[in-house]
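Attaching a single structure in structure tokens format; questions to follow.
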């Protein structure tokens, strides 16, 4: 809860302190949470950059997920051009003209 709140309020120092504090009390934290906290500590510099710039790769991840979904449901396209057009239509970049 505290971690989410620090993210919502864009407070990196609080986020960092919460991670460090919870890592210090290893016996009171579940193994899964400990793994997550260690990952957060490992990537702390990158997380700090996200807090400063407020830029994420969420948009790209979403587009990549959409492309994979199209690929799964298509069962193969006869050529790459049709596949590319389908991606652009689904993403709303181009429209179908009647």
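Just so it is clear, none of the values below were taken in a lab; they were calculated from the coordinates. Because the structure is predicted, anything quoted here is derived from the model rather than measured. Using ideal geometry, Cβ is built from the backbone for each residue, glycine included, and neighbour counts are taken over all protein chains shown.
With a 10 Å radius around each residue's Cβ, average the other Cβ atoms per peptide and rank 58-65, 32-39, highest first. Write out the running numbers ahead of the final one.
Details: 58-65: 10.1, 32-39: 13.1.
Highest mean packing first, the order is 32-39, 58-65.
Take the Cα radius of gyration of region 2-53 and divide it by 2.2 N^0.38 Å, with N its residue count; two decimals is plenty.
Values: Rg = 10.9 Å, N = 52, 2.2 N^0.38 = 9.9 Å.
Output field value: 1.11.
Cα-Cα pairs above 19 Å in the chain: how many percent? Don't jump to the answer; show the numbers that get you there.
On the way: 2847 of 4753 pairs.
In whole percent, the long-distance tail amounts to 60.
How high is the relative contact order of the chain, in percent, counting Cα pairs under 8 Å that sit 6 or more residues apart? Mind showing how you got there, number by number?
Values: 38 pairs, mean separation 17.7, N = 98.
Relative contact order of the chain: 18 percent.
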